[in-house]
Amino acid sequence: MPSSVSSSAEVVLGALGALLLDGGVSVTDVRGTLERASTVTAAEERLEFAVLPQQVLVSRTGIPGSTTISTATGRDLSFRQAAHASRLARRVEAGRIGLHATPHHIDRIRAIRRRHPALQRVLGGALLSAGLGVLFRCPWWSIALVLLVGAVVGSIIVMAERFRSAAAVVPFVVAFLSTVAVGTAAAVLGIGNVPLFAVCAPIAILVPGALITNALLELTAADIVTGASRLIYGLILLAFMAAGIFAGATITGLRIDPESAALVGETARVVGQPGWAAVPPLWLSWIGVVVLAVGVGLSFGSGFRLTMATVLIMIGTYSALMLLSPMTGSTIATGVTAALLFLAARVVERATLAVPATVSFQPAFLLLVPGTVGLVALASFDAQALAAAPLIFVSLCIGTKVGALAADATGISRHLTLDAR
């Protein structure tokens with residue numbers, strides 16, 4: 001297949017950076033990857049890089065007017081494609097793939113197609129919602145309901161993906177319709193207060209947790225413009241989702257149980273009742289984590305091997321949070337878990353090319369709940385939750401940075417490059 005990318009160093013490295021941006025990599029990491037790759041593959045060119053959320057600018061040092069601009073497509077890659085993109089970047093960094101062969105690999109990665117993507121989205125949305133419902137011990141009636149509503153949300157997302165202009169209103173529309181469905185069911189069944197995650201679980205797939213965390217990481221790396229713009233966009237998405245929940249609750253008269261807001265590692269106050277109003281036993285939360293991981297894999301197109309890796313990673317994340325939260329509190333536990341998880345992801349990345357750290361770490365964001373914390377805080381209008389949300393974000397950001405520094409200090413990244421050669 002003929003390549004659509006020129007073989008010049010500026011164009012090839014720019015196209016590689018654009019591929020990584022579509023794969024959800026932060027601009028800071030993209031710039032670092034391109035700088036390392038250029039020292040190996042184009043050392044004589046003396047290239048400089050500037051990375052924006054949708055563009056990669058490559059210039060020749062000391063030559064005015066030599067800037068080449070590569071633009072990302074704006075369409076997110078599946079986790080499987082992102083894994084291939086990360087693996088390609090590492091091989092280019094190590095000099096195993098030259099610039100002349102890189103365009104072919106970029107085209108091949110972009111050409112990867114998911115099997116039955118609509119069905120995967122719908123089934124993934126259902127399992128993700130049900131997994132969260134079990135994890136946070138919602139009553140059985142609400143777990144069954146969020147399973148159905150999650151499938152509907154997945155269907156709406158599939159339809160909305162056909163229209164780029166719909167992206168701005170999808171968070172509000174999905175949150176509104178989901179809340180109306182839950183509120184209507186609660187009214188028909190005569191349910192009083194509804195658990196918060198019976199409302200939030202079906203729309204968790206839209207929570208911009210990774211986006212907000214990447215924004216904070218970019219801000220701490222002095223990428224002020226990009227980090228600030230991502231942060232504002234993420235907060236706007238959260239506000240739209242909270243507005244949708246509020247509007248749906250107002251129309252249906254839905255009342256959210258104020259005692260049901262809890263983070264992973266915390267135990268919300270649950271009252272055991274008979275029948276469908278009963279809550280799952282605590283041990284079923286581990287099954288909920290597995291169901292959640294499978295739902296994430298289907299929703300984001302991980303493929304079988306990456307989905308199995310996601311299951312193991314999320315079980316490990318859940319274990320760490322359950323162990324640390326009672327001792328340190330959720331805020332500190334989130335940061336410590338993030339540091340350990342990122343370091344472990346680097347170790348796994350070194351052991352196998354099949355599971356890059358950028359892909360293995362991203363699904364765990366749903367359990368580290370940077371975005372869900374904000375959504376819960378906004379949806380519950382709880383002053384304490386609103387105050388805790390920024391601290392969770394900062395803790396996660398610091399933990400990730402500490403994990404990255406630990407990986408560099410122990411030589412994992414350096415040994416990884418040498419092993420790849």
Selected residue (only one of Val194, Val169, Val188 is farther than 28 Å from Ile398 by Cβ and open to solvent by less than 60 Å² (accessible area, probe 1.4 Å)): Val194
Qualifying position, being open to solvent by 30 Å² or more (accessible area, probe 1.4 Å), closer than 30 Å to Arg121 by Cα and either among the small types (Gly, Ala, Ser) or at pLDDT below 85 (or both), among Arg46, Arg60, Arg80, Arg75: Arg75
Output for the range 140-166, where each listed residue is of a type in the set (D, E, K, R) and either surrounded by 24 or more Cβ atoms within 10 Å (Cβ to Cβ) or outside any helix (DSSP H, G or I) (or both): Glu161, Arg162
Arg121 being charged (D, E, K, R) and at pLDDT 85 or above: yes
The range 102-139: number of residues that are surrounded by fewer than 16 Cβ atoms within 10 Å (Cβ to Cβ) and in a loop (DSSP other than H, G, I, E, B): 5
Residues (open to solvent by less than 10 Å² (accessible area, probe 1.4 Å), out of contact with any Gly (no Cβ under 8 Å at 6 or more places or on another chain), part of a helix (DSSP H, G or I) and under 22 Å from Gln81 (Cβ atoms)) located in the range 283-316: Met314
The range 317-335 - residue that is surrounded by fewer than 22 Cβ atoms within 10 Å (Cβ to Cβ) and β-branched (Val, Ile, Thr) and, of those, modelled with the lowest pLDDT: Thr331
Every pair of residues 6+ apart whose Cβ atoms lie under 8 Å, when the first sits in the range 199-216 and is modelled with pLDDT under 80 while the second is polar (S, T, N, Q) and not in a helix (DSSP H, G or I): Asn214/Ser26
Unmet requirement for Ala181, which otherwise passes all of (1) modelled with pLDDT of 85 or more; (2) over 19 Å from Leu123 (Cβ atoms); (3) open to solvent by 20 Å² or more (accessible area, probe 1.4 Å): (2)
Residues that are in contact with a Leu (Cβ under 7 Å, 6 or more places away or on another chain), open to solvent by 10 Å² or more (accessible area, probe 1.4 Å) and closer than 13 Å to Ser70 by Cα, drawn from the range 10-32: Glu10
Residue match in the range 53-64 (condition: part of a helix (DSSP H, G or I) and more than 14 Å from Val11 (Cα to Cα)): no
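The values are calculated or read from the model by the stated rules, or taken from the named source; none is laboratory data. These figures come from a predicted structure and were not determined experimentally. Positions of Cβ are backbone-derived with ideal geometry, glycine not excepted, and every protein chain shown enters the neighbour counts. When the accessible area is computed, the model is the full protein with side chains, heavy atoms only, and any ligands, DNA or RNA have been set aside. Shrake-Rupley method; radii C 1.70, N 1.55, O 1.52, S 1.80 Å.
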